[in-house]
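Engineer: If you scroll down you'll find the structure; I have some questions about it.
What follows is calculated from the coordinates using simple rules that are stated; it is not laboratory data. Because the structure is a prediction, the values reported are computed rather than measured. Neighbour counts run over all protein chains shown; Cβ positions are idealised from the backbone, glycine included.
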Amino acid sequence: MAYLGTPTATAEIIKKYGFAFQKKYGQNFLVDANILEKIISCSEITRDDCVVEIGPGIGTMTQYLAERAGCVVAIEIDKNLIPILNETLKEYDNVTIINDDVLKVDINKIAEVKNNGRPIKVVANLPYYITTPIIMGLFESHVPLSSITIMVQREVADRMQVGPGTKDYGALSLAVQYYARPEIVMNVPASCFMPRPGVGSAVIRLNRYDEPPIQAKDEKKMFAIIRAAFNQRRKTLANALSNGLSYKDETGNTVNVSRQDVCGALDKMGLSQSIRGEALTLKQFAELSDLL
Ligand code: SAM
């Protein structure tokens, strides 16, 4: 099978099938063999691995994955790409194509059926319009996984890595860093894609912790607090939480906190009552959650 990772090979397939790129699906296909090689090598895939690829497009990266992994499950939303994938991947008997929205697919079940519940690896050039829900979905549904190696918008890669005191710090930084150790692998210019995206891109690898270094007693509550704090990031934490925290405990009861509750907890932590959420570390959010 001829590799697809060049502008000429990709253009040929597109023409042959009369395929029309759909902007709403974030379709920017990789057409640079060096970048593809680098993504594959830093994802450290071996024959022991079961890989889930989100958005295979015409199958360019899927071919590389199929040659190295034990099995590949590729989830693609666009039905017009399925006949193309059936052709470009026909030589590989270790690839399963699922035509569905990744946000609706039970990836826990894929890990169970295809990998006996052992940790899978996720590798993808993600559709940028749903980067955050995809990553949060994978972590929050506790899919057994060892690493996620993904192409994302450069700015989003930065957001995943930063700590308190920067403008990029937010709910995504805290969620990613709670579950995994992020590592930006490389920047990728727009010229490596067809069509070219209007933003810069980066490959980031998220190495899932076996044991998170920081743990909140009630993970869901901590993330509700984090979301409320950053939804109104210009407000003090006491105001943001007393107005905006909406959280249901395990019995289904809605939990509200008062300004006083928050100020009391901040006092115990030795923090100012006028502090904003953007100044708190992950450890401090976990402590606050346990106190409230
Ligand atoms: N992997 C290919 C490559 O690198 O050339 C294509 C990457 S392209 C940035 C993103 C792919 O994700 C597209 O093929 C798009 O159709 C697919 N996609 C978009 N939304 C999706 C969703 N909700 N579920 C599954 N696939 C989706």
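Engineer: How many times 2.2 N^0.38 Å is the alpha carbon radius of gyration of the range 71-138?
Structural biologist: Dividing the Cα radius of gyration by 2.2 N^0.38 Å gives 1.15.
Engineer: Scan the chain and hand back the longest stretch that contains none of the GluC sites (Glu not before Pro) lying in DSSP loops with at most 15 other Cβ atoms within 10 Å.
Structural biologist: With a cap of 15 other Cβ atoms within 10 Å, the longest stretch comes to 92-249.
Engineer: In addition: Under the 0.36 nm per residue contour assumption, what length would be gained going from the current alpha-carbon distance of Val162 and Asn99 to full extension?
Structural biologist: Result for the pair: 19.2 nm of gain on full extension.
Engineer: Which of the aspartates and glutamates could be linked to Lys217 by a straight reach, that is with a Cα gap under 17 Å, when you skip same-chain ones fewer than 8 residues away?
Structural biologist: Result set, ordered by chain and number: Glu140, Asp249, Glu250, Glu287, Asp290.
Engineer: Straight-line reach only, C-alpha to C-alpha below 28 angstrom: list the lysines that Lys16 could link to, leaving out same-chain residues fewer than 8 apart.
Structural biologist: Cα-Cα hits under 28 Å: Lys24, Lys79, Lys90.
Engineer: Right, another one. List the chymotrypsin sites (Phe, Trp or Tyr not before Pro) in the range 205-264 that DSSP assigns to loop (not H, G, I, E or B) and whose Cβ has at most 14 other Cβ atoms within 10 Å. Which are they?
Structural biologist: Those satisfying the criteria are Tyr209.
Engineer: Which of these, Lys217, Lys121, Lys24, has the largest mean-square fluctuation under a Gaussian network model of the chain (Cα springs below 10 Å)?
Structural biologist: Lys24
Engineer: What are the lysines whose alpha-carbon lies under 17 Å from the alpha-carbon of Lys220, with same-chain residues fewer than 8 places away excluded?
Structural biologist: Partners within reach: Lys248, Lys283.
Engineer: Based only on Cα atoms, what mean projected area does the convex hull of the chain have, in nm²?
Structural biologist: It is 15.8 nm².
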